[in-house]
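> Before anything else, here's the structure in question.
The values are calculated or read from the model by the stated rules, or taken from the named source; none is laboratory data. For clarity, every value in this text was computed on a predicted model and none was experimentally measured. Note that we place each Cβ from the backbone using ideal geometry, even for glycine, and neighbour counts take in every protein chain shown. Ligands, DNA and RNA are stripped out before the accessible areas are found, and what is left, the full protein with its side chains, is counted by its heavy atoms. Shrake-Rupley method; radii C 1.70, N 1.55, O 1.52, S 1.80 Å.
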Amino acid sequence: MAQKVDLYTLLRTYALKNNTAYIGLDIFISFLKNNAERENGGNLQINDWAGNTKEKVMTELSELVNSGKCKMKVGTKGQKIFLPVFYIDKLAQVYVTIGESGEQPYPNEKSLRFEIPEDLVRRVSVETGLLDYMNNPQKTALPVIKLLFPKSFGEALALSTHIPGRILEAAIIKIKDSLRKNNQLDSIKQKLLIHFPGQMPRVKEFINILMMRPLDAVAQMEEANEFTFSAWVFLCPVIKTQIADSAIRNNEITPADAALFQAVSILLIINNHYKILAMNQKERELMLASVDEKMLEPPYRYTMSDIMQFTTKQGIPIFNNFPENEFQAFIKKRLAVPDTEHLPEWLRYGEDVEWFIRKDKVWNFLKILIADARTKVRDEVTTHWMNILRDYHRDVSMDKDQNFEDMLNRNVRLFVPSLYTILHDKKTAVLQEELLRNKSEITEIEKYYTVDKPITLSKMLNMNRTEIMTGCRYSLPLWYSIPFIVSIICFFRNGPAGKYVDANKRMSGKKDTGISMQAQAEKLMADMVPEGSDVDQYLESIIDRWNQILNKTARNTLIHDVNAIIKNHVRHVLKMQDKNRFNAQMLEATTESIISANSALGKINNRDALRLYIKLYITKILSDSNI
């Protein structure tokens with residue numbers, strides 16, 4: 001069935017038929033009018049252009065000119081339509097059959113019988129510029145690539161889409177045809193055997209693929225295996241020497257010699273290109289493997305900004321030279337679920353700040369966190385209870401196991417947030433089930449987990465409520481252990497209803513200052529910000545002192561993570577602290593707690609600048625009530 005066609009398609013067809021990018025306007029209108037009236041459009045339905053042909057053409061032509069698809073030129077013979085896409089269409093047409101004539105050089109302006117305007121040509125020297133071009137190719141079809149060969153071996157035209165694939169296919173076919181026509185196969189084979197002693201099977205395979213399956217030879221070169229690369233590196237200079245000998249004998253460079261020289265020159269550069277790509281790929285694979293090795297090292301838990309700052313053993317940043325899409329693809333692959341029976345290689349945890357850990361290191365990390373929590377949480381509980389007892393109060397967590405567990409949960413979430421996250425994330429229970437299916441992988445899982453949930457924190461942290469309470473009493477003066485005396489003092493100090501205090505509050509023994517948390521935060525912030533400076537500008541200047549990462553993405557990721565860590569920590573602190581007692585001491589303690597609870601922050605070199613940033617950021621979000 002005939003296909004209805006627009007003016008742009010008609011112009012392109014007409015240009016190809018007449019082998020020119022310049023179309024006389026009046027001649028084309030007359031041609032179109034005559035053929036439309038006779039319905040002589042071949043496979044194109046052009047009868048719609050009959051009647052008012054000129055008006056129809058001029059209407060659509062105006063739109064094409066405005067869109068930049070063509071230009072109007074004025075010459076001695078009237079107006080002409082200049083169609084740049086002709087050069088694309090013509091070269092695409094030529095390269096369809098370029099492999100059919102191995103003895104002919106690559107297409108050029110002379111063989112194609114037209115000249116391309118200079119602004120539509122990009123000159124690339126095969127010997128000095130082609131390799132760089134392939135490393136950074138143009139993304140558009142125009143300008144046309146003009147490949148320049150040395151000496152008297154001419155030039156070649158190609159589209160960006162033809163490099164390297166199509167010109168390489170043509171090169172191999174030209175070399176194959178030349179070897180066969182000149183009966184040079186045996187000679188080349190013998191030279192290869194001398195150069196590669198003891199590798200006759202590989203030499204035979206190389207020759208057979210080249211002569212019988214040239215497209216497979218292209219694929220073989222793309223793989224850049226060592227023998228194929230070395231064979232071409234040896235063979236190309238040999239063929240060039242034969243071309244030189246032929247030119248001397250004939251006292252001229254024949255078209256066949258030029259075609260062969262062009263093919264060898266192109267092939268040699270592309271062979272190097274694929275080898276470099278393979279070496280770079282191998283280097284990237286080794287670098288990415290070193291990321292997995294880094295994930296095996298303590299502290300096992302790494303944020304995105306940590307990962308982006310990983311270095312090789314030689315201290316070279318791994319991801320500095322990786323495109324963003326490759327980095328994201330690597331992370332995505334590590335987080336991909338392989339099947340319904342297994343979790344990904346890496347597990348993603350965290351709320352405000354995401355962090356990653358290898359699934360085979362979760363239990364190692366858990367043991368480190370538990371050891372850390374035993375010290376921090378026990379000290380916090382002891383201090384908390386001692387303050388309450390000194391004030392002749394009691395806390396329900398001292399008497400009831402469930403309240404004691406609730407308090408441990410709150411303290412773990414505040415002081416060892418990674419432990420809290422792991423224990424309360426469903427992935428951990430799923431990981432336990434996965435490892436239980438493979439008994440050889442079980443280490444100490446059952447110490448921490450029952451069938452589908454973690455054991456109680458008191459057991460995990462080896463914290464006995466009664467023992468801690470007894471220790472607190474022994475640390476106080478003797479009369480605190482005499483119930484009768486404690487009851488009398490408690491009655492006169494706190495009243496008959498003052499036995500228990502709110503378990504969420506931390507007793508500091510200081511009276512309420514009456515100043516709101518927001519007002520105190522503003523006062524502390526004003527003390528830190530230099531006179532005449534804006535708090536946001538000052539924060540930015542401090543960032544430059546502790547965050548010296550050059551990679552923009554990694555730098556912004558680290559800032560985002562630090563800010564999220566601060567907000568998350570302050571949010572938990574305020575749940576347990578009396579908000580009206582916010583002061584410089586509490587700000588200092590919170591800052592140190594944030595740094596000690598996050599190993600990633602401990603790696604930052606300029607710790608003083610980081611402390612100042614954390615303190616100022618805390619006061620900013622509190623004064624803005626932005627938490």
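> Once you charge only the Cβ atoms, +1 for Lys and Arg and -1 for Asp and Glu, what is the size of the charge dipole of segment 306-360 about its Cα centre, to the nearest 20 debye?
Values: 7 positive and 10 negative charges, 50 e Å.
Charge dipole, segment 306-360, about its Cα centre: 240 debye, nearest 20.
> What is the angle, in °, between the Cα long axis of helix 53-67 and the longest principal axis of the Cα atoms in the chain? Nearest 10 is fine, range 0 to 90.
40
> Now for a separate question. For segment 173-325, which whole-number percentage of the solvent-accessible area (1.4 Å probe, protein heavy atoms only) is attributable to carbon and sulfur atoms?
Numbers: 4240 of 7780 Å².
Whole-percent figure for carbon plus sulfur exposure: 54.
> Also: What does the accessible area of K56 come to, in Å² to the nearest 10, when a probe of 1.4 Å is used?
Its accessible surface works out to 70 Å², give or take rounding.
> Same structure again: So what's the angle, to the nearest 10 degrees on a 0 to 90 scale, between helix 185-195 and the longest Cα principal axis of the chain?
The angle comes out near 40 degrees.
> Divide, for segment 18-161, the radius of gyration over alpha carbons by 2.2 N^0.38 Å, where N is the residue count. Show your work: numbers first, answer last.
Values: Rg = 18.6 Å, N = 144, 2.2 N^0.38 = 14.5 Å.
My calculation over the Cα atoms of segment 18-161 gives 1.28.
> If I take every Cα pair under 8 Å that is 6 or more residues apart in segment 127-172, average their sequence separation and divide by the length, what percent do I get for the relative contact order? It would help to have the intermediate numbers written out before the result.
Numbers: 35 pairs, mean separation 15.1, N = 46.
Averaging sequence separation for qualifying contacts and normalising by length gives 33 percent for segment 127-172.
> Over 32 Å between Cα atoms: which of K151/K275; K139/K282; K33/K139 fall into that group? Before the final figure, lay out the partial values.
Details: K151/K275 27 Å; K139/K282 26 Å; K33/K139 38 Å.
From the list (K151/K275; K139/K282; K33/K139), the Cα-Cα distance tops 32 Å for K33/K139.
> At 1.4 Å probe size, what's the solvent-accessible area of K453? Round to the nearest 10 Å².
K453 exposes around 120 Å² with every protein chain in place.
> Would you check the accessible area of E297, probe 1.4 Å, heavy atoms only, in square angstrom rounded to 10?
80
> Antiparallel as a % of all DSSP beta bridges within the chain, to the nearest 5? Write down the numbers at each step before the final one.
Values: 21 of 30 bridges.
Restricted to the chain, the bridges split so that about 70 percent are antiparallel.
> I've got another one for you. Answer rounded, prolate or oblate for segment 212-310, using the Cα gyration tensor with square roots of eigenvalues a ≥ b ≥ c: rounded when a/c is under 1.5, else prolate when a/b is larger than b/c, else oblate. Mind dumping the intermediate values first?
Details: a/c = 4.69, a/b = 3.90, b/c = 1.20.
Judged from the Cα gyration tensor, segment 212-310 comes out prolate (a/c at least 1.5, a/b above b/c).
> Could you list log10 I(q)/I(0) for the chain at q = 0.06, 0.09, 0.10 Å⁻¹, which the Debye formula gives when each Cα is one point scatterer?
-0.63, -0.92, -1.01
> Another one. Let me check something: with ligands and nucleic acids excluded, how do H424, H569, H342 order by accessible area (1.4 Å probe), largest to smallest? Write out the running numbers ahead of the final one.
On the way: H424 105, H569 10, H342 85 Å².
The ranking, largest first, comes out as H424, H342, H569.
> Largest first, how would E222, E467 line up by accessible area (1.4 Å probe)?
Details: E222 90, E467 125 Å².
So the residues, ranked largest to smallest area, are E467, E222.
> Ignoring ligands, DNA and RNA, how do R465, R301 rank by accessible area with a 1.4 Å probe, largest first? Working shown, then result.
Values: R465 50, R301 20 Å².
My answer, sorted largest first, is R465, R301.
> Let me ask something else. Classify segment 302-374: rounded, prolate or oblate, from the alpha-carbon gyration tensor (a ≥ b ≥ c, eigenvalue square roots; a/c under 1.5 rounded; otherwise prolate if a/b is larger than b/c)?
Details: a/c = 2.06, a/b = 1.28, b/c = 1.61.
Note, shape of segment 302-374 comes out oblate.
> Rounded, prolate or oblate: pick one for segment 253-306, where a ≥ b ≥ c are the square roots of the eigenvalues of its C-alpha gyration tensor, a/c under 1.5 means rounded, and failing that, prolate if a/b is larger than b/c, else oblate. Spell out each step's value before the answer.
Values: a/c = 11.81, a/b = 5.98, b/c = 1.97.
Here segment 253-306 falls in the prolate category.
> Straight-line reach only, C-alpha to C-alpha below 17 angstrom: list the lysines that K603 could link to, leaving out same-chain residues fewer than 8 apart.
Cα-Cα hits under 17 Å: K294.
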